[in-house]
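The values are calculated or read from the model by the stated rules, or taken from the named source; none is laboratory data. All of these numbers come straight from a predicted model, not from anything done at the bench. Glycine gets a Cβ as well: all are built from the backbone with ideal geometry, and neighbour counts include every protein chain shown.
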Amino acid sequence: MEHVMKRRDYLTWEEYFMGIALLSAQRSKDPNTQVGACIVNGNNIILSTGYNGMPKGCSDDQLPWEREGGFEDTKYAYVCHAELNAILNSDGRSLADSILYVTCFPCNECAKAIIQAGIKKVIYLEDKYPDSEATKVSKKLLAMAQITLKKFSNPSFFADLSLYK
Ligand SMILES: Nc1ccn([C@H]2C[C@H](O)[C@@H](COP(=O)(O)O)O2)c(=O)n1
Ligand SMILES: [Zn+2]
């Protein structure tokens, strides 16, 4: 009798969790950049997810989505980043030694929250604004806190699935 072999082309853990981060990003109403995050423990159990959006109870129809103008008239004054939302959505679960999967490199404000939450590794899909002050400061902080950074190894995997450009 012929032996049935197991599937070989199943998702790796990294593809699976980055896929969940990408799917979470699709909840974002930001017209320009949708970011998703997924936090996982050492046993590959999902602790939390998040995406960028306006704070709870603050109407995303009334707040601005502009990128330019006076600070008060832009989204930057109001929007909660995907990573911060994922940390805040963890509902009391410890994030100590966890891994953050995120579709965009974290900013300096999220880096502070990542460090304080005890996250030990960040796997990111894209470093969209490498020359921004926020990214430079973030890299400095994450290095000081000895947080491991890893660029997702196979972004074309998601491009082929039309989940990522
Ligand atoms: N790591 C990041 C970086 C950015 N975001 C959010 C903040 C904004 O909603 C959007 C960026 O907008 P853009 O300046 O590209 O028009 O993405 C985040 O959640 N996490
Ligand atoms: Zn941020």
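If the requirement is being closer than 22 Å to Y164 by Cα and surrounded by 19 or more Cβ atoms within 10 Å (Cβ to Cβ), which of these qualifies: I99, I46, I87? Step through it out loud before you land on a result.
Details: I46 fails: surrounded by 19 or more Cβ atoms within 10 Å (Cβ to Cβ); I87 fails: closer than 22 Å to Y164 by Cα.
From the options I99, I46, I87, the qualifying one is I99.
Looking for something in contact with a Phe, Trp or Tyr (Cβ under 8 Å, 6 or more places away or on another chain), in a helix (DSSP H, G or I) and within 16 Å of ligand 2 (Cβ to nearest atom) - is there at least one such residue anywhere in the stretch 58-78?
Checked the stretch 58-78: at least one residue is in contact with a Phe, Trp or Tyr (Cβ under 8 Å, 6 or more places away or on another chain), in a helix (DSSP H, G or I) and within 16 Å of ligand 2 (Cβ to nearest atom).
Suppose we filter S138, S132, S162, S94 for residues that are within 13 Å of ligand 1 (Cβ to nearest atom), surrounded by fewer than 22 Cβ atoms within 10 Å (Cβ to Cβ) and over 13 Å from the mean Cα position of the chain (by Cα); which single one remains? Break it down into steps so the answer makes sense when it comes.
Working: S138 fails: surrounded by fewer than 22 Cβ atoms within 10 Å (Cβ to Cβ); S162 fails: within 13 Å of ligand 1 (Cβ to nearest atom); S94 fails: within 13 Å of ligand 1 (Cβ to nearest atom).
When all the criteria are applied, what remains is S132.
Considering the stretch 134-165 alone, what residues qualify as being in a helix (DSSP H, G or I), over 18 Å from L84 (Cβ atoms) and of a type outside the set (A, V, I, L, M, F, W, C)? Show your work before the answer.
If we filter the stretch 134-165 for residues that are in a helix (DSSP H, G or I), which is where we start, we get 134-144, 156-160.
Next, only the ones that are over 18 Å from L84 (Cβ atoms) stay: 136, 140, 143-144, 156-160.
Within the stretch 134-165, K136, K140, S156, D160 meet the criteria.
Name the residue that is nearest to ligand 1 (Cβ to nearest atom), counting only residues in the stretch 45-55 that are touching a strand residue (DSSP E or B) at 6+ places or on another chain (Cβ under 9 Å) and assigned to a loop (DSSP other than H, G, I, E, B). Step through it out loud before you land on a result.
So in the stretch 45-55, the residues touching a strand residue (DSSP E or B) at 6+ places or on another chain (Cβ under 9 Å) come out as 46-55.
Now drop any that are not assigned to a loop (DSSP other than H, G, I, E, B), which leaves 52, 54-55.
Numbers: N52: 3, M54: 9, P55: 12 Å.
Checking each candidate, the answer is N52.
If you take the residues in the stretch 106-129 that are farther than 15 Å from S94 by Cα and assigned to a strand (DSSP E or B), which one is farthest from ligand 1 (Cβ to nearest atom)?
Of the stretch 106-129, the ones farther than 15 Å from S94 by Cα are 106-112, 122-129.
Among the residues that remain, those that are also assigned to a strand (DSSP E or B) are: 122-126.
On the way: V122: 10, I123: 13, Y124: 8, L125: 10, E126: 9 Å.
The selected residue is I123.
Taking the condition surrounded by 12 or more Cβ atoms within 10 Å (Cβ to Cβ), modelled with pLDDT of 95 or more and under 16 Å from A25 (Cα atoms), does C80 pass? Please lay out each step first, then the result.
Details: surrounded by 12 or more Cβ atoms within 10 Å (Cβ to Cβ): yes; modelled with pLDDT of 95 or more: yes; under 16 Å from A25 (Cα atoms): yes.
Taking the combined requirement at face value, the residue satisfies it.
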